[in-house]
Amino acid sequence: MAQTGSEKAVLVSEETDTIDIGRIFSQLWASKSLIGICVGVGIFLGLFIYSISPKTYQADALLQLESQSSQMGLPMAMLGLGGGGPQSATEIEIIRSRLVLGQAVAALNLDWMARPVLMPIIGVAVQRYDMPIPDFWFFRAYARRAERISLDLLQVEPDWIGKPMRLTITGEGTFNVELPTGTVLSGRVGETLNDADKTFGLRVADLVGSVGRQFVIMQRDELDVLDALQNSLMVGEKSRGSGILELKYRASSDIEAQRVLNAISDAYVKQNVLRRTANADNGLQFLDSQLTIAEQNVRKAQEELTEYSRKSKVLDLSFESNTLWTQTERVNTALQELQVQEDDIKQRYTINHPVYQKLLNNRAHLEKQLADLQKEAERLPETQRNVLTMTRKLELAQDAYLELQKRAQEAEVMRASTIGSVRVVDLAHGAERPVAPRGSLILVVTTLLGGLIGVALVLVRAWLRRGVQSAKQIEALGMPVFATVNYVPLSDSKRNKKGEDQSIVALTDPTNIAVEAFRSLRTSLHFGMLDATTNSLVVTSSAPGVGKSFSSVNLATVMAQGGQRVCLIDADMRRGHLRKFFKQPKKGPGLADYLAEVKTLDEVLIKTPVEGLSVICAGAYPPNPADLLVRPRMHELLRLLNERFDMVILDAPPVLAVTDAVLMGRIAGGILLIARHDMTPIGEIEATKRMLEAAGLKVTGAVLNGFDPSKVVGGDSYSYRYDYKSHSD
């Protein structure tokens, strides 16, 4: 679709615009009321969220993971039985395991749930602030402040796990319980309540509340309880490598948080002791089995040596053999010591260091001595060599047996003295102040969110506006703008109740800036209509609701106040309402009656309290307004009025809605187009201009009505859909 030159000019102007930060801030400041409302809503929402959020308390405890050497002064030989140092990551996972948490659940019966029934949404606030709630009808079931329940026993069928049961207070210390099957049982506080099959058991330890209060009791699934514990439990090492574990747990009360955390700590310490006792038992069993084997080896070596000595008739080793055996053992021992020294030296020195070289030289010397001793042993008689070998085998077996026996004794001592490798440094301690909800944080977040939403609404609203923003946009279409009328609340017909008379701003508030604009418009029209054939002016618009009638009546008033004789005609015979400005009856005579030749001019012409101003109302709404306008009587009316008045103003219907304005424009001296700021799309104005030009008419000038500087933004989107129907008011 081809664009006109004026449309291209508007588009180019808008495309070359840049973001004006000052304009944005001005827009936000002008809409500060909306932003303030959003901030207020955010503050209220924050306070509401805080009031309905249940309080959460946190307890913390400290555990120390001790190495085996720190427990008691044991010999080095025993340290290998106890394992290595603290393994924090492993112990953290053990603490969070179902093994440990399951013991805490069993110890405190955490799988039992017994709590009051809270009112929807505001139940927490009712309990916290003791809000006054009516104690009748369904309100009676909901808990108030300080009402509670605790259980001593809860036993249900497996199929009832996870199914809530409703307990209702019926009197002083008495209650009813509705089972999942629908059966209702009656019980008393402190007494065990069973069903007929003895599959359900309940004993209430404490019950505080008024008659009619209801409580929910339930046996929860253990896996669900464990998952909830794991989510609420936080375990971490206090500082890296310290072996100090910090446990934190959150619950609905500080006492509950301490109880649960102490139970978890106790369960972990107990399992740690049991684990170490089990390790010691396993080690002792292994040593006992090895002792049996070692004892058998000693006995076997002893028997072999004895039998060989008997057969060979060798009662004992010779002096030479004993000396050779002793020297060999001494050299082997020295070599073992050098091996230990080398393991230490290689961590500090390189192989070329003098210390390392000295050790290597000593080892080479000892190895040479051992080789010489082995050669010397080979020169001994065969009998002596065999006895020497068997004797050495026997001594090695005896050494192994003695070492195992020593370790078994050490394991017995460790088993008897097992106290675990975990120590409770600090018992669970809970803070009196809750950790959640954090009122200040919630309030800050909701306040900022409300402010951001307010700013977003302002900016989005400005971006979505399609109405004309300035007189320059209208002038770019080739129409002069005679005046810009500032926004006046009374000009907005939506602010007036149905049937209520409207006031004329030029009379009620003559110093208003909008009235000054109409005075300026009066001057502009004086020069703009110098070449007009008649002194009649058609005031119209592209669509309804832009303040056309408001402009017509105030323009006519200021002209009359300026000494001119003015006649104002309500030419909108479909929905005209100029009569409301002059408090005229709904069915009084008017233009329709004159054009239909029912009334004369003098009968429809009404003088107003404003000197020099007369008005002709629309009259009874006819079914054929356009047909009446094309009659010669309309020409005759304007001729007669031109003789009597200095200016005749016709308040005509919108151009794009009906053809009435075009018909009147053919016989009038000028056409004044009214556009409303931030409401009338620029496309509608251009379409109106094209329609008039197609009929051979030219717009004398335009007025930008309802101008609000705080709403000035760009925009060119528009729609050609209208709703202009006749109504009976």
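The values are calculated or read from the model by the stated rules, or taken from the named source; none is laboratory data. Please read all numbers here as calculations on a predicted model, not as lab measurements. Don't worry about glycine lacking a Cβ; one is built from the backbone with ideal geometry, like all the others, and counts go over all protein chains shown.
Looking only at the range 157-165, decide whether some residue is under 18 Å from D206 (Cβ atoms), modelled with pLDDT of 95 or more and under 36 Å from the mean Cα position of the chain (by Cα).
Checking the range 157-165: at least one residue is under 18 Å from D206 (Cβ atoms), modelled with pLDDT of 95 or more and under 36 Å from the mean Cα position of the chain (by Cα).
Looking at (1) crowded, with 22+ Cβ neighbours inside 10 Å; (2) at pLDDT 95 or above, which is the one condition that is false for V515?
(2)
Could you please let me know if A543 is over 16 Å from T700 (Cβ atoms) and in contact with a Phe, Trp or Tyr (Cβ under 6 Å, 6 or more places away or on another chain)?
On the way: over 16 Å from T700 (Cβ atoms): yes; in contact with a Phe, Trp or Tyr (Cβ under 6 Å, 6 or more places away or on another chain): yes.
So A543 passes the test.
Being modelled with pLDDT of 90 or more and under 12 Å from C617 (Cα atoms) is the filter; apply it to the range 561-578 and report the residue that is surrounded by the fewest Cβ atoms within 10 Å (Cβ to Cβ).
Once the filter is applied, the top-ranked residue is L578.
Across the range 133-144, which residue is farthest from A205 (Cα to Cα) among those that are modelled with pLDDT of 90 or more and of a type outside the set (F, W, Y)?
So, considering only residues that are modelled with pLDDT of 90 or more and of a type outside the set (F, W, Y), the one farthest from A205 (Cα to Cα) is R140.
Considering S51, S69, S33, S26, which residue is modelled with pLDDT of 50 or more, outside any loop (DSSP other than H, G, I, E, B), on the phi < 0 side of the Ramachandran plot and loosely packed, with under 14 Cβ neighbours inside 10 Å?
After applying the criteria, what remains is S33.
Could you tell me whether V558 is among the hydrophobic types (A, V, I, L, M, F, W, C) and more than 20 Å from R639 (Cα to Cα)?
It is true that V558 is among the hydrophobic types (A, V, I, L, M, F, W, C) and more than 20 Å from R639 (Cα to Cα).
For the range 414-432, enumerate the residues that are exposed (fewer than 15 other Cβ atoms within 10 Å of the Cβ) and modelled with pLDDT under 90.
Those that are exposed (fewer than 15 other Cβ atoms within 10 Å of the Cβ) and modelled with pLDDT under 90: A416, S417, I419, A431, E432.
Of the residues in the range 607-633, how many are under 19 Å from R575 (Cβ atoms) and either in contact (Cβ under 8 Å) with a residue 24 or more places away in the chain or outside the structural domain of G665 (by TED's automatic domain parsing) (or both)?
Total satisfying the criteria: 12.
Restricted to the range 172-189, and to residues that are of a type in the set (G, A, S) and at pLDDT 95 or above, which residue is surrounded by the fewest Cβ atoms within 10 Å (Cβ to Cβ)?
S186
Checking the structure you have, find out if any residue of the range 624-647 is aliphatic (A, V, I, L, M) and in a strand (DSSP E or B).
Yes, the conditions are met somewhere in the range 624-647.
Within the range 618-648, work out how many residues are over 60 Å from the mean Cα position of the chain (by Cα), of a type outside the set (D, E, K, R) and under 23 Å from I504 (Cβ atoms).
5
Quick check: anything in the range 540-553 of a type in the set (K, R), on the phi < 0 side of the Ramachandran plot, buried (at least 24 other Cβ atoms within 10 Å of the Cβ) and at pLDDT below 95?
Yes, that holds for at least one residue.
Just wondering, is there one or more residues in the range 233-253 that are at pLDDT 80 or above, over 17 Å from I94 (Cβ atoms), over 30 Å from the mean Cα position of the chain (by Cα) and among the polar types (S, T, N, Q)?
Scanning the range 233-253 turns up at least one residue that is at pLDDT 80 or above, over 17 Å from I94 (Cβ atoms), over 30 Å from the mean Cα position of the chain (by Cα) and among the polar types (S, T, N, Q).
Could you check the range 106-134 and list, in sequence order, the residues that are under 21 Å from A267 (Cβ atoms) and of a type in the set (D, E, K, R)?
Hit for the range 106-134 is D111, nothing else.
Does at least one position in the range 559-568 carry a residue that is under 22 Å from L640 (Cβ atoms), basic (K, R) and either outside any helix (DSSP H, G or I) or more than 60 Å from the chain's Cα centre (by Cα) (or both)?
Yes.
For the range 585-607, how many residues are under 23 Å from I504 (Cβ atoms) and either outside any loop (DSSP other than H, G, I, E, B) or touching a Leu at 6+ places or on another chain (Cβ under 8 Å) (or both)?
Residues in the range 585-607 being under 23 Å from I504 (Cβ atoms) and either outside any loop (DSSP other than H, G, I, E, B) or touching a Leu at 6+ places or on another chain (Cβ under 8 Å) (or both): 4 in total.
Could you please tell me which pairs satisfy a Cβ distance under 9 Å, a separation of 6+ or placement on different chains, a first residue in the range 365-383 that is at negative phi and modelled with pLDDT under 70, and a second residue that is hydrophobic (A, V, I, L, M, F, W, C) and surrounded by 11 or more Cβ atoms within 10 Å (Cβ to Cβ)?
E376/L324; A377/L324; A377/W325; A377/L388; L380/L324; L380/L388; T383/V314
Would you mind finding the one in R438, R465, R461 that is modelled with pLDDT of 85 or more, out of contact with any strand residue (DSSP E or B) (no Cβ under 7 Å at 6 or more places or on another chain) and surrounded by fewer than 20 Cβ atoms within 10 Å (Cβ to Cβ)?
Step by step, each of R438, R465, R461 is checked, and only R438 is modelled with pLDDT of 85 or more, out of contact with any strand residue (DSSP E or B) (no Cβ under 7 Å at 6 or more places or on another chain) and surrounded by fewer than 20 Cβ atoms within 10 Å (Cβ to Cβ).
Within the range 664-691, restricting attention to residues that are in a helix (DSSP H, G or I) and surrounded by fewer than 21 Cβ atoms within 10 Å (Cβ to Cβ), which residue is modelled with the lowest pLDDT?
G683
Of the residues L74, L99, which is over 29 Å from N262 (Cα atoms) and either assigned to a helix (DSSP H, G or I) or modelled with pLDDT under 50 (or both)?
Every option except L74 fails the conditions.
Collect the residues in the range 156-205 that are in a helix (DSSP H, G or I) and closer than 24 Å to L118 by Cα, keeping them in residue-number order. Quick ask: steps written out before the conclusion?
Our first condition is that a residue be in a helix (DSSP H, G or I); within the range 156-205, this holds for 158-160.
Passing the criteria: only W160.
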